[in-house]
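So the structure is just underneath, and the comments pick up after that.
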Amino acid sequence: MGALPPIRVLSLDGGGMRGTYTATYLDRVAAAFAKRRGVDALDIGAAFDLIVGTSTGGIVACALAAGVPLSQVVSLYSEHGAAIFSRPLPGGIAGLPRDILRRPSALEAGEAVLRAALGKTLGSVTIGEIYAARGIALAVTAVEMSQHHAWVFKTPHFAATNHRDDNTTLVDVCLATSAAPIFRSMAAVKHADAGSDGYNVFVDGGLWSNNPVLVGLIDALDMAAPGQKIEIYSLGTCPMPAGEQIPRDAVHRGLPQWHFGGDAASLAIDAQQFAYDHMAKKLARHLNHPCTVLRFPSDKVPAALIPYLGLDDTRPEAIHALINQARTDADATNSKCAYHATDPEAALICALFETAPARTDPLFARKPTLPSEMKDARDANHEG
């Protein structure tokens, strides 16, 4: 029996409107490889065995799993972002009373816009249906509010799955994972049982796993056969350069200085991104599987982009800045792949996109069948 192909995992960070960057970057890298290979477009999602995502990364993950062109995701943000995030956080105390009165209705309206836009993009397909049709494992993080527990919406990609989420629609998964407190409404998701009137309420998975790379690593370990190689491709959302110098007399920061909670959310995102990447790479050294964790792209964010990186910044100039930066970074990635013989990270990315199948049907293009011995090994591993 020959060597098994590696388990390939894509991990997608959260970041609000910065999902525009993520979708554009992947789309442009894939477009260059498609042109090089002489095909119309690549099915990026089908290049991976597992896709994990949080918040805006969860939306991109669902689109990739469904085979939806990422240009449609970019359009979702650019066309509907201003209506989804229609009420920026107040800039000071003077605007607080009006915000207290008007934010709930603005959040309700924003949720309706997002639900409609997601429905147009993803239809009514469920997690179970997408896995049966495409064979791509999906794991999307959220927080379940009745117990304040971490929750991961999953396709039935394990032999021992309880099929809890099979009948949950991708639209509801996206609403749950991206329900950022203050910025968005909580997501009430009906139980998928026939005849049930029950529901769960969810908020954004970024509260515990904005960088879901460890979720991807753990699921990959459960999926892999003994000794099988694991490759994890971790993609951020063009995060703002982190850190600040705080004078000693400014440590007693109140609500206005924390931007009424908005800056605390950004701080949590920055801290998790750094910490989870390092934890995943350290763990990878101690596994019984050859494991590579690749963070890409790795270039620093230019200073000119900093004014446009707010989680809820829907200004046209901010969207254009994210798209332009994504295209620049994609060009840099494609250029690096020309020298993959001397750059191990570039070699991995190059191999990934060189082997991605061409895109056909946008929702149910079937992923090429995995080798039978890989399926048998996985099933034996899970049952054991």
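The values are calculated or read from the model by the stated rules, or taken from the named source; none is laboratory data. None of the values given here were measured: they were computed from a predicted structure. We place every Cβ from the backbone using ideal geometry, glycine too, and count neighbours over all the protein chains shown. Side chains are part of the model used for accessible areas, which takes the heavy atoms of the whole protein and leaves out ligands, DNA and RNA. Shrake-Rupley method; radii C 1.70, N 1.55, O 1.52, S 1.80 Å.
A few comments on the model shown:
- If you plug the beta carbon distance of residue 147 and residue 245 into 1/(1 + (r/R0)^6) with R0 = 30 Å, you get a FRET efficiency near 0.15.
- Across 343, 49, 27, mean-square fluctuation computed from a Gaussian network of the chain (C-alpha pairs under 10 Å connected) peaks at 343.
- Protection-proxy order for peptides 176-182, 114-120, each taking the mean of Cβ atoms within 10 Å per residue, highest first: 176-182, 114-120
- Under 18 Å from the residue 335 label point (7 Å along Cα→beta-carbon), backbone N, the stretch 22-43: 25-26, 28-33
- Residues in the stretch 212-239 reached by a label modelled at residue 159 [backbone nitrogen below 14 Å; 7 Å Cα→Cβ]: 222-226
- Radius of gyration, Dmax [the stretch 35-182; alpha carbons; angstrom]: 17.4, 58
- Karplus-based coupling profile of the stretch 199-204, in residue order and whole Hz: 7, 10, 10, 10, 10, 4, with θ = phi - 60° in 6.51 cos²θ - 1.76 cosθ + 1.60 and x standing for Gly or Pro.
- Distances between placed amide hydrogens fall under 5 Å for residue 10 paired with 50, 51, 52, 233, all partners being 5 or more residues away or on another chain.
- Only protein atoms count toward the accessible area here, which uses a 1.4 Å probe; on the chain, the carbon and sulfur part of that area reaches 56 percent.
- Near the amide H of residue 42, within less than 5 Å, lie the amide hydrogens of 359, all on another chain or at least 5 residues away, with H placed in the peptide plane.
- In order along the stretch 75-92, the Karplus-derived 3J(HN,Hα) couplings, from 6.51 cos²θ - 1.76 cosθ + 1.60 at θ = phi - 60°, round to 5, 4, 5, 5, 8, 10, x, 5, 7, 6, 9, 7, 10, x, 4, x, x, x Hz, and Gly and Pro are given as x.
- Per residue, the chain exposes 46 Å² of accessible surface when a 1.4 Å probe is rolled over the protein heavy atoms with every protein chain present.
- Under 15 Å from a label point set 7 Å out along the Cα-to-Cβ vector of residue 79, the amide N atoms of the stretch 85-116 belong to 113-116.
- Ranked from largest, the principal axis spans of the Cα set of the chain equal 70, 56, 41 Å.
- Whole-Hz couplings from phi, Karplus 6.51/-1.76/1.60, listed for the stretch 273-290; x for Gly and Pro: 4, 5, 5, 5, 4, 5, 5, 4, 5, 5, 5, 4, 6, 10, 8, 8, 10, x
- In the structure shown, the pairs 281/336; 154/190; 154/282; 229/300 are assessed against 27 Å; a Cα-Cα span above that value is assigned to 229/300.
- Angle between the chain longest axis and helix 316-337 axis [Cα atoms, degrees, rounded to 10]: 30
- Spin-label pair residue 271/residue 355, simplified geometry with 7 Å Cα→Cβ offset, distance in nm: 3.9
- Cα centroids of the stretch 130-170 and the stretch 312-328: 31 Å apart.
- Fully extended contour minus Cα-Cα distance, from residue 102 to residue 320, at 0.36 nm per residue: 75.6 nm
- Between the amide H of residue 313 and those of 17, distances stay under 5 Å, these residues lying 5 or more places away or on another chain, with hydrogens modeled in the peptide plane.
- Partnerless Cys - the chain, beta-carbon criterion under 4.7 Å: 62, 174, 238, 291
- Only aspartates and glutamates eight or more places from residue 120 in sequence, or on another chain, were considered; those with a Cα closer than 20 Å are 27, 43, 79, 108, 111, 129, 172, 361.
- Annotation for residue 304 and residue 40: the two label points, set 7 Å from Cα along the Cα-Cβ direction, are 3.6 nm apart.
- Highest-MSF residue in the chain out of 192, 160, 133 [GNM, Cα springs under 10 Å]: 160
- Remark: relative contact order (the chain) = 27 percent; criterion is Cα-Cα distance under 8 angstrom and separation of 6 or more residues.
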